[in-house]
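Following: one structure in structure tokens, then a few remarks.
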Amino acid sequence: MFTVCTFILLCLAYILTYMYLKKKFQYWQDRNVAFVAPNMILGNLYSLLSLKRSPGHWLMDHYKRFGTNYFGLFAFTKPILVIKSPKIIKDILIKDFSYFDNRTATVSTHDKIMSNMLFTKQNPAWKKVRSKVTPLFSSGKLRLMFTPILAQAEHMVRNVRLLVSCQESIEIKEICTKYSTNVIAKCAFSVDARTFENDKAEFREIGRCLFDSRLENRLRFFAARFLPSLVKSFNIFLVRPTVSETLRNIFTTIFDVRKKSRKSKDNDLIDILLRIEDYHKDDKDFGAESLLGAAVNFFAAGFETVATTMAFVLYELCIAPEIQTKLRDEIASNVEKNRGLVYENMNEMKYLDMVVCETLRKYPVLPFLDRMCNSAYKIPNTDLVVEQGTVVYVPLFGLHYDEIYFPNPEKFIPERFEHKCEINNDGLYYLPFGEGPRNCIGTRFGLMTLKIGIIQMLLNFELKLSANTPIPLIYDPKAIIVSSKVGLPMKVLPLN
Ligand code: HEM
């Protein structure tokens, strides 16, 4: 008797679950939106979760299947709207930003540092902080940062010279990461990170912890992105609590030291943040945690993005010697003409800009942009009303590899950007730094850092393939931001 009852209950539970899931998965069909048939439990996350595809390629695979302006996906049972149409992307990111003012990752409010980063912070607190820290990247400040960045690039060259005298092939991503870590530490916090002198330097070690792709970290990121209720119920932190604590200690010390020596104004991010704290003593949006979060965000967002892009530039140059020579010639003649590298003349190097733009097209560091719809939004000229709480993705890999916008997309062709002003003329399809009020705040600083780094590398070294340079590139499906699975080793030969 007991077994019959159990059997009936199990059957009932199965039927109810089936009906519940079936109803959930009707979501896009009910709205007449083309969608990818979901797996009953995971929705469309299988190839992502099984590490068959990197996040960018997972979304690009789906992107290629549809000729429509948008399509639907499911993360478990949660609907995601993926936008393909450049015009609609422009509306969502810029014109109708007020409906899409936040990103979608859920960060526990107990996770004080990570929930206070500009990247994860929710509007309107986000807007207040963003407008206050924007002056760090004014033209005047960037000009002042030029000389310290150049000094860091020269320091990198000296260290690479030492390294290549005893190694046949070097891991270029690690060199770029040490350089970009030193730059952000110097320009934002006035700290000498000394990553070349000490492989285990504090800033380098904490940087490794932030982006290390071990299973625990990936699960934390995955939960933040796809399992909001789990994050809230169990207060899951975005990074390991020990890493959070270390970040807190490093940055609290930086703030404390500066508070004691306020007379020597460094005019860096810490100064700007301390001034904000002074002016807004009673505003909790500018409390100590908020300032700490902003400082950590600038560090986290500032070094890995620049290092990744710079490493991919050097990788493409080592594969294409003719592009490398053309770029070196442009740089050398500019430096000769101006008797050195000069801030004002950086923009004269058009080919350098084209090479960087093409690298950011092939390797957008964030595989997609995400926005949360905060109130019902009717997509112009369609019948679709995006409901409040719907997650919206802008698939950067899909767009950047779309034959319509970039013919022969696998090929590295800097000339695509010869007439840069024509790109994104009719909607947005090239978005390495995002767009709209929530775009990358560090764009100009990031570009300046990586261009100075590339210039110094090319003036001093020739880059060549080594036996273990990966061709074709295999993306690391575990990596939090776009990465090669086996690193980017290459030969670096000193020039005289
Ligand atoms: C090559 C270098 C970089 C690339 C490719 C890059 C890319 C991006 C992208 C795609 C976004 C999301 C934009 C959106 O959702 O519309 C973003 C946001 C952000 N980036 Fe960058 N970034 C770079 C360098 C930097 C640097 C150097 C900093 C700071 C020093 C920085 C700070 C930030 C911050 C704080 C945000 C969040 C902005 C907000 O929500 O208000 N990034 N970045």
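The values are calculated or read from the model by the stated rules, or taken from the named source; none is laboratory data. On a predicted model such as this, the values are computed, not experimentally measured, just so you know. So basically every Cβ, Gly included, is an ideal-geometry build from the backbone, and we count neighbours across all protein chains shown. Ligands, DNA and RNA are stripped out before the accessible areas are found, and what is left, the full protein with its side chains, is counted by its heavy atoms. Shrake-Rupley method; radii C 1.70, N 1.55, O 1.52, S 1.80 Å.
Data for the structure
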| quantity | calculated |
| --- | --- |
| Calculated FRET value between ASP30 and ASN374, using beta carbons and R₀ = 25 Å, to 0.05 | 0.70 |
| Cα gyration tensor shape of the range 99-247, rounded if a/c is under 1.5, else prolate or oblate by comparing a/b with b/c | oblate |
| Estimated D of the chain in µm² per second, where Rh is the Kirkwood radius over Cα pairs and Stokes-Einstein applies at 25 °C, 0.890 mPa s | 101 |
| Length added when fully stretched, LYS411-ASP285, from 0.36 nm per residue minus Cα-Cα | 40.7 nm |
| Size of charge dipole - the chain - debye, nearest 20, with Cβ of Lys, Arg +1 and Asp, Glu -1, no other charges | 940 |
| Inter-label distance for LYS200 and LEU49, nm, one decimal - labels placed 7 Å from Cα along Cα-to-Cβ | 3.9 |
| Globularity index of the range 202-304, i.e. its alpha-carbon radius of gyration over 2.2 N^0.38 Å | 1.23 |
| Label point distance in nm, THR147-GLU418, each placed 7 Å from Cα along Cα→Cβ | 3.9 |
| The range 281-432 shape via C-alpha gyration tensor axes, a/c threshold 1.5 | oblate |
| Cα shape, the range 291-334, gyration tensor, a/c 1.5 rule | oblate |
| By average C-beta atoms within 10 angstrom, highest first, the peptides 54-62, 153-161, 481-489 | 54-62, 481-489, 153-161 |
| Per DSSP, loop trypsin sites (Lys or Arg not before Pro) in the range 373-464 with at most 14 further Cβ within 10 Å | LYS411 |
| Positive-end extreme of charge dipole, the chain - chosen from SER54, ILE319, ILE80 (charges on Cβ) | ILE80 |
| Residue pairs, from the table LYS420/LYS491; LYS420/LYS451; LYS132/LYS420; LYS84/LYS128, whose Cα atoms sit over 20 Å apart | LYS420/LYS491; LYS132/LYS420; LYS84/LYS128 |
| Expected-Rg normalisation [2.2 N^0.38 Å, Cα atoms] applied to the range 438-496 | 1.44 |
| Whole-Hz couplings from phi, Karplus 6.51/-1.76/1.60, listed for the range 427-435; x for Gly and Pro | x, 10, 9, 10, 9, x, 10, x, 7 |
| Kirkwood estimate for the range 1-92, i.e. one over the average of 1/r between Cα atoms, Å | 15.1 |
| Contact order relative to length of the range 85-494, as percent, for alpha carbon pairs under 8 angstrom and 6 or more apart | 26 |
| Backbone HN-Hα couplings from phi across the range 131-143 [Karplus 6.51/-1.76/1.60, Hz, Gly and Pro as x] | 5, 7, 8, 3, x, 4, 10, 5, 4, x, 5, 4, 4 |
| Table column - 3J(HN,Hα) (Hz), the range 220-229, Karplus curve with 6.51, -1.76, 1.60, x for Gly and Pro | 4, 5, 4, 4, 4, 7, 10, 10, x, 5 |
| Counted charge near LYS128, where neighbours are those whose Cβ lies closer than 12 Å (Asp, Glu -1; Lys, Arg +1) | +3 |
| Label-point gap, in nm, between GLU336 and GLU216 - each point 7 angstrom along Cα→Cβ | 5.6 |
| Cα-only Debye scattering, the range 55-136: base-10 log of I(q)/I(0) at q = 0.11, 0.12, 0.20 Å⁻¹ | -0.43, -0.51, -1.08 |
| Dimensionless Rg over Rh [the range 391-450; C-alpha; Kirkwood] | 0.97 |
| Long-range HN-HN contacts of PHE461 with modeled amide H, under 5 Å | LEU495 |
| Built amide H within the under 5 Å cut-off of TYR475, gap 5+ | LYS485 |
| Selection from PRO470, ASN249, ALA37, by position along the positive dipole direction of the chain (Cβ) | ASN249 |
| Gained length - LEU162 relative to ASN425, 0.36 nm times residue gap less alpha-carbon distance | 90.0 nm |
| Theoretical ellipticity at 222 nm over the chain - DSSP helices of four or more residues, -39500 (n - 2.57) apiece, nearest 500 | -16000 deg cm²/dmol |
| Kirkwood Rh (inverse of mean 1/r, distinct Cα pairs), the range 255-357, angstrom | 17.3 |
| Å² per residue, accessible surface of the range 1-148 at 1.4 Å | 53 |
